[in-house]
There are 2 protein chains.
Amino acid sequence: MSLSKVYRLLEPGPVVLLSATAGGRTSIMTMSWQTPMEFEPPLVGCVISNRNYTYGLVKKSRECVINIPTVELATKVVRCGNTSGRATDKFEKLGFTPVTASLVAAPLIDECFANLECKVVDTRMVSRYGFFVLEVVKAWIDPARKDPRTLHHMGRGRFMVAGETIRLPSKKA
Amino acid sequence: MSLSKVYRLLEPGPVVLLSATAGGRTSIMTMSWQTPMEFEPPLVGCVISNRNYTYGLVKKSRECVINIPTVELATKVVRCGNTSGRATDKFEKLGFTPVTASLVAAPLIDECFANLECKVVDTRMVSRYGFFVLEVVKAWIDPARKDPRTLHHMGRGRFMVAGETIRLPSKKA
């Protein structure tokens with residue numbers, strides 16, 4: 001998909017699955033603390049706690065993939081958040097299918113309807129907040145999935161599932 | 001409401017209305033690019049474009065209020081985003097009721113179901129990305145509003161309206 005439209009996937013605030021690879025290890029984490037920061041090239045700011053195994057993989061490789069799941073994957077999304085990748089291959093454990101990415105070493109998660117290949121471009125706020133600025137360098141979306149019902153975390157395993165879509169006259173992006 | 005629960009309001013990714021006051025001027029802007037950054041004290045990172053009149057008010061006063069609207073206010077939310085506060089009093093124009101805040105000069109918007117009084121605590125990324133780190137110092141929520149149907153912007157005036165809520169067993173916050 002066009003990089004100029006990437007913000008539209010993240011602006012509604014879905015839970016995402018972040019996949020990363022470094023030193024022969026690959027893992028996945030559940031993430032909800034992210035925001036678009038620029039339209040094009042698309043930048044995304046996200047908080048990755050250093051308690052997550054994936055934190056070290058992103059920090060070392062300076063790459064990752066943001067995968068966007070829908071409600072059909074809700075149980076796996078929560079299991080992913082409840083499991084550490086330190087001793088477990090999460091792709092195998094959760095039954096996710098890794099797909100080779102185009103521009104980064106981390107794999108895409110095939111079961112997700114959208115996948116954003118990212119490079120880390122700013123680490124100034126990592127030590128203080130775990131806040132990484134990512135540039136999306138390649139974006140994939142399944143064109144067959146109309147109105148994907150994304151998950152939106154409300155804390156402690158409660159999720160809002162994306163409801164109806166309304167359109168109002170806007171002059172802005 | 002307890003400050004420790006503030007992240008639960010913002011993590012699902014709702015559109016918010018940011019109100020700010022400086023030098024005798026008050027304005028409101030529609031914002032969607034924000035994320036929680038810490039549980040407690042609650043920190044919020046947000047992108048405010050310097051093309052918004054409100055940008056100058058936040059930069060000068062180092063304070064603002066994040067107000068969270070629901071679908072009943074959708075038309076006003078879009079009109080707020082389509083209007084500049086430079087020449088217009090947006091509270092008057094949009095028919096919003098200002099309420100005096102407790103710890104900041106900016107007013108709360110009475111029609112919103114939650115209001116978060118914020119102080120700017122980190123401006124390192126403002127010049128490059130318009131990215132402010134805010135600390136929520138006081139949080140208000142209308143306890144009568146069960147399952148508020150928040151708005152989630154998908155670009156160009158398309159909004160997803162919060163749907164059903166599901167609960168899954170989670171070990172995490």
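The values are calculated or read from the model by the stated rules, or taken from the named source; none is laboratory data. The shown structure was predicted, so the numbers you read here are calculated from the model rather than taken from an experiment. Cβ atoms come from the backbone with ideal geometry, glycine included; neighbour counts cover every protein chain shown.
Numbers for the structure displayed
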| read-out | value |
| --- | --- |
| Residue that is nearest to B:F39 (Cα to Cα), among those in the range B:131-171 that are touching a Phe, Trp or Tyr at 6+ places or on another chain (Cβ under 7 Å) and either of a type in the set (F, W, Y) or in contact (Cβ under 8 Å) with a residue 40 or more places away in the chain (or both) | B:I141 |
| Within the range A:5-17, tally of residues that are outside any loop (DSSP other than H, G, I, E, B) and within 14 Å of chain B (Cβ to nearest Cβ) | 7 |
| Scope the range A:89-103; condition outside any helix (DSSP H, G or I) and at pLDDT 95 or above; matching residues | A:G95, A:F96, A:T97, A:P98, A:V99, A:T100, A:A101, A:S102, A:L103 |
| In the range A:50-72, the residues that are crowded, with 19+ Cβ neighbours inside 10 Å, in contact (Cβ under 8 Å) with a residue 60 or more places away in the chain and within 28 Å of B:T165 (Cβ to Cβ) | A:I66, A:I68, A:P69, A:T70 |
| In the range B:77-98, the residues that are among the aliphatic types (A, V, I, L, M) and surrounded by 16 or more Cβ atoms within 10 Å (Cβ to Cβ) | B:V77, B:V78, B:L94 |
| Meets criteria (basic (K, R), part of a strand (DSSP E or B) and either at negative phi or within 16 Å of the chain's Cα centre (by Cα) (or both)) for B:K119 | yes |
| Qualifying residue in the range A:78-87 (condition: out of contact with any Cys (no Cβ under 7 Å at 6 or more places or on another chain), modelled with pLDDT under 95 and over 14 Å from A:T30 (Cα atoms)) | yes |
| Residue list for the range B:138-171, filter: touching a strand residue (DSSP E or B) at 6+ places or on another chain (Cβ under 8 Å), farther than 17 Å from B:M31 by Cβ, in a loop (DSSP other than H, G, I, E, B) and at the interface with another protein chain (Cβ under 7 Å from one of its Cβ atoms) | B:L168 |
| Where A:Q34 falls short, out of the listed (1) under 23 Å from A:F96 (Cα atoms); (2) without any contact (Cβ under 8 Å) to a residue 40 or more places away in the chain; (3) surrounded by fewer than 24 Cβ atoms within 10 Å (Cβ to Cβ) | (3) |
| Flag for A:A106 being assigned to a strand (DSSP E or B), buried (at least 19 other Cβ atoms within 10 Å of the Cβ) and within 15 Å of the chain's Cα centre (by Cα) | no |
| Residues of the range A:18-55 satisfying the condition of being over 12 Å from the mean Cα position of the chain (by Cα), farther than 19 Å from B:H153 by Cα and in a strand (DSSP E or B) | A:T21, A:A22, A:R25, A:T26, A:S27 |
